[in-house]
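Right, one structure below, let's go through it.
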Amino acid sequence: MKVAILSAMREEITPFLEKYPHYSVQEVGGNTYYLVKAEGYEIILAYSKIGKVHSALSASTMILHFGAEKLIFSGVAGGLSPKLKVGDLVIANKLCQYDVDISAFGHPLGFIPESSVYIQADQKLNALAKTVAQEMGIGLHEGIIASGDSFIASAEKKKWLIETFGADAVEMEGASVANVCHLLKIPFCILRSISDSADGEADVSFDEFLESSAKISADFVEAMLKKGL
Ligand code: ADE
């Protein structure tokens, strides 16, 4: 089976390249794709660069060009739920684009005509993630992930995301990847480890915990692969 593992930043994909060093590389559309046989899969690894446009391009490339049959996103996020602390793991049960706004026409924030505010993640992959977490004896939070093209670093914006979308975590790629996978009918799981709390100290926390939280996420994906997608 061909599995795509996508991240946004180099620091988020590096742990995988260290785990699976016998890869070959292909350049497509300004990004590098790392192809490797490991854990019984043909794995396609890439980091897209940050934001919804880059991640949508990479997810599409992994599916349409490289033939990925399932996709797992691994990376870091800002925690919105008070239950989420730095290093905690979260999977999305559904995702939204918080920066889509056609409310001038009476639509709810995040709504896109002929689409919806929220995109559901694959229940089987999420169930696998929950089983793996249970077997490893670690906590795994399941909730709403809100994505948009901003780094959230204020208590005010954080409150707005919680109140408007019921969001538990915020990042900059999950919902666009979810959209691509949903439209191309590819099961996906969006996994994140918390690097900051999306508040006034988020920038400092992000810089401090990006690498360690990225590794926590990557280690968990490795356990999912070993369990069997
Ligand atoms: N990724 C990690 N932390 C984030 C934050 N606070 N805002 C947006 N994306 C993030």
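The values are calculated or read from the model by the stated rules, or taken from the named source; none is laboratory data. Please read these numbers as outputs of a predicted model, since none were measured by experiment. So basically every Cβ, Gly included, is an ideal-geometry build from the backbone, and we count neighbours across all protein chains shown. Areas reflect the complete protein model, heavy atoms only, side chains present, ligands, DNA and RNA absent. Shrake-Rupley method; radii C 1.70, N 1.55, O 1.52, S 1.80 Å.
The strands (runs of 3 or more DSSP E) found entirely in segment 1-56 that carry 2 or more residues being open to solvent by 20 Å² or more (accessible area, probe 1.4 Å) and out of contact with any strand residue (DSSP E or B) (no Cβ under 6 Å at 6 or more places or on another chain) are 24-28.
When residues in segment 205-229 are screened for being out of contact with any strand residue (DSSP E or B) (no Cβ under 6 Å at 6 or more places or on another chain) and within 24 Å of residue 99 (Cβ to Cβ), 1 of them pass. Condition first: more than 16 Å from the ligand (Cβ to nearest atom) and more than 17 Å from residue 179 (Cβ to Cβ). Now tell me which residues in segment 49-85 satisfy that. Of everything in segment 49-85, those that are more than 16 Å from the ligand (Cβ to nearest atom) and more than 17 Å from residue 179 (Cβ to Cβ) turn out to be 65, 66, 67, 69, 83. Scanning segment 150-160 for residues that are more than 9 Å from the ligand (Cβ to nearest atom) and either part of a loop (DSSP other than H, G, I, E, B) or among the small types (Gly, Ala, Ser) (or both) yields 154, 155.
Between 147, 193, 197, the distinction of being surrounded by 21 or more Cβ atoms within 10 Å (Cβ to Cβ) and farther than 24 Å from residue 54 by Cβ belongs to 197 only.
Considering every residue within segment 123-142, establish whether at least one is outside any strand (DSSP E or B), within 16 Å of the ligand (Cβ to nearest atom), modelled with pLDDT of 95 or more and not basic (Lys, Arg). Within segment 123-142 (the criterion being outside any strand (DSSP E or B), within 16 Å of the ligand (Cβ to nearest atom), modelled with pLDDT of 95 or more and not basic (Lys, Arg)), the answer is no, since none of the residues qualifies. Inside segment 64-114, residues that are buried (at least 24 other Cβ atoms within 10 Å of the Cβ) and basic (Lys, Arg) make up a count of 0.
Looking for something near the ligand (Cβ under 9 Å from one of its atoms) and buried (at least 19 other Cβ atoms within 10 Å of the Cβ) - is there at least one such residue anywhere in segment 182-190? Looking through segment 182-190, none of the residues is near the ligand (Cβ under 9 Å from one of its atoms) and buried (at least 19 other Cβ atoms within 10 Å of the Cβ).
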